[in-house]
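Novice: For reference, the structure I am asking about is given below.
The values are calculated or read from the model by the stated rules, or taken from the named source; none is laboratory data. Keep in mind it's a predicted model, so treat the numbers as computed, not measured. Cβ atoms come from the backbone with ideal geometry, glycine included; neighbour counts cover every protein chain shown.
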Amino acid sequence: MESVSALMCCDGDTIPSYEGIMFECPSDPKVITISEDMSLDALRKTIFYANEGCKFLLDLFYHQPIYVGDDCVEYDYMELKHDNDVGKIFFIYSEFSIKGLIELNATFERSLDEIIALMHKPRKPRTTAKIIALMVMIMCSHCPN
């Protein structure tokens, strides 16, 4: 498998559906091309350039199909954190390729008020890198242009 098209939802929400979790996009999804041998850093750069390089990428999630029995499929989401997570996408895609395109949800930088609210919102634990990225964005928002 050389490369495939993926639908990328920007700043979408995860919502429950009868098939599990789905991404709800506030705008039209973008189509990007990704490859099996792509590193996570290369994937993040592809997403960055697909958005005209104007937003800092915070999180990246994959709309992951899961067999639940009797040829039934439900969906969950998987956060992409490591290079081998990109390989997992293609392994899963090869198993479920009849179900459509690879779907990703990219969460980008927010306004200063949104960032502060996110830092105080109870969520799953943030990595040190994410906390540093949020703090850098807060500091940069106070820099003169």
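Novice: What about ALA6, is it under 22 Å from GLU109 (Cβ atoms) and touching a Ser or Thr at 6+ places or on another chain (Cβ under 8 Å)?
Specialist: Yes.
Novice: Continuing with this model, one more query. Taking helices (runs of 4 or more DSSP H) that fall entirely within region 50-145, which contain at least 1 residues that are modelled with pLDDT of 70 or more and under 20 Å from GLU2 (Cβ atoms)?
Specialist: Filter on region 50-145 gives 83-96.
Novice: Okay, next question. When you check GLU19 against the structure, is it surrounded by 15 or more Cβ atoms within 10 Å (Cβ to Cβ), of a type in the set (D, E, K, R), touching a Phe, Trp or Tyr at 6+ places or on another chain (Cβ under 7 Å) and at negative phi, yes or no?
Specialist: no
Novice: What pairs come out if I take residues in region 19-39 that are closer than 11 Å to SER5 by Cα and pair them with residues that are among the acidic types (Asp, Glu) and loosely packed, with under 12 Cβ neighbours inside 10 Å whose C-beta lies under 7 Å away, six or more apart or interchain?
Specialist: Final answer for the pair search is SER35/GLU2.
Novice: Restricting the search to region 22-34, which residues are closer than 20 Å to SER94 by Cβ and surrounded by 15 or more Cβ atoms within 10 Å (Cβ to Cβ)?
Specialist: Across region 22-34, the qualifying residues are ILE32, ILE34.
Novice: When the residues of region 35-50 are narrowed to those that are surrounded by 15 or more Cβ atoms within 10 Å (Cβ to Cβ) and touching a helix residue (DSSP H, G or I) at 6+ places or on another chain (Cβ under 8 Å), which ends up nearest to MET8 (Cα to Cα)?
Specialist: Restricting to residues being surrounded by 15 or more Cβ atoms within 10 Å (Cβ to Cβ) and touching a helix residue (DSSP H, G or I) at 6+ places or on another chain (Cβ under 8 Å), the top hit is LEU43.
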